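A quick write-up on the structure given underneath.
The values are calculated or read from the model by the stated rules, or taken from the named source; none is laboratory data. Fair warning: this is a prediction, and the values are worked out from it, not measured in the lab. Counting neighbours? That spans all protein chains shown, and the Cβs are built from the backbone with ideal geometry, glycine included.
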Amino acid sequence: MCGRYYRRSTKQRIAETFKLGRLPDDFVLPPDYNVAPTTFQPVIRESRDTGERELAMMRWGMVPYFAKSLKEYAGISTINARAESVETSGTWRAPFQRRRCIIPADGFYEWKKLSAKTRQPYAFGMADDEPFGLAGLWDAWKEPKSSPQQIDTWLQSFTIITTGANEVMRAVHSRMPVILKPADYDRWLSR
């Protein structure tokens, strides 16, 4: 599971690393050393209009398009999606086919269980200290109108895909986020 990650890269470094081109000058992206679920974070997706990579702010904890209300997903953890079930699960299937994203990160945290009451936190990042991309899915949910005059309100949200732990992680936790190789970014985002 990936319950926290960190992002310290500037917006310019993210744009260069993920080949985003120019970002709007008014786009503010301060570092966040404790990214938590339900916060709005930058994600990279393929633009529907141009096919190029674009940066969008989305809420961490995916609310699927078919949800009747936000309360319906308040007690359900959708911050992570198991790689083993993204093709078959009703929640993840459509986003896996059409709405993939990359979550820019500089590292992530996992907690090792030492005893029933004690956990030791660990931070994981790249050996070269470069930012990297986590595999993700996103969706857009439209809030039901309470009156005909109400304007459509959309919430875009994302989830991080997790997989079984690799050799480095196994000593700390049984799962980890899927880390994409830069050579695979286009393939991952492609519809």
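Every test in (1) of a type in the set (D, E, K, R); (2) under 12 Å from Gly136 (Cβ atoms); (3) in contact with a Pro (Cβ under 8 Å, 6 or more places away or on another chain) is passed by Arg99 save one, and that test is (3). Listed by first and then second residue, the pairs with beta-carbon distance under 8 Å, at least 6 apart or on different chains, first residue in segment 56-70 and over 17 Å from Gly3 (Cα atoms), second surrounded by 13 or more Cβ atoms within 10 Å (Cβ to Cβ) and modelled with pLDDT under 85, are Pro64/Tyr73; Ala67/Tyr73; Leu70/Glu143. Residues in segment 15-27 that are closer than 23 Å to Lys181 by Cβ and in contact with a Leu (Cβ under 7 Å, 6 or more places away or on another chain): 2 in all. Looking only at residues in segment 178-188 that are touching a residue at least 24 places away in the same chain (Cβ under 8 Å) and assigned to a helix (DSSP H, G or I), which one is surrounded by the fewest Cβ atoms within 10 Å (Cβ to Cβ)? That would be Pro182.
The strands (runs of 3 or more DSSP E) located wholly in segment 31-78 include none with 3 or more residues which are surrounded by 16 or more Cβ atoms within 10 Å (Cβ to Cβ) and on the phi > 0 side of the Ramachandran plot. Taken residue by residue, segment 65-77 has no member that is at pLDDT 90 or above, of a type outside the set (A, V, I, L, M) and within 20 Å of Leu134 (Cβ to Cβ). Once segment 37-55 is narrowed to residues that are touching a residue at least 24 places away in the same chain (Cβ under 8 Å) and under 11 Å from the mean Cα position of the chain (by Cα), the residue that is nearest to Phe96 (Cα to Cα) is Arg45. Scan (1) loosely packed, with under 11 Cβ neighbours inside 10 Å; (2) without any contact (Cβ under 8 Å) to a residue 24 or more places away in the chain for the single condition Glu16 breaks and write down its number. Unmet condition: (1). At pLDDT 95 or above, of a type in the set (Asp, Glu) and out of contact with any Gly (no Cβ under 9 Å at 6 or more places or on another chain), is that true of Asp106? Against the criterion (at pLDDT 95 or above, of a type in the set (Asp, Glu) and out of contact with any Gly (no Cβ under 9 Å at 6 or more places or on another chain)), Asp106 does not qualify. In this structure, does Ala81 turn out to be in contact with a helix residue (DSSP H, G or I) (Cβ under 6 Å, 6 or more places away or on another chain) and crowded, with 20+ Cβ neighbours inside 10 Å? Considered against the rule, which asks whether it is in contact with a helix residue (DSSP H, G or I) (Cβ under 6 Å, 6 or more places away or on another chain) and crowded, with 20+ Cβ neighbours inside 10 Å, Ala81 comes out as no.
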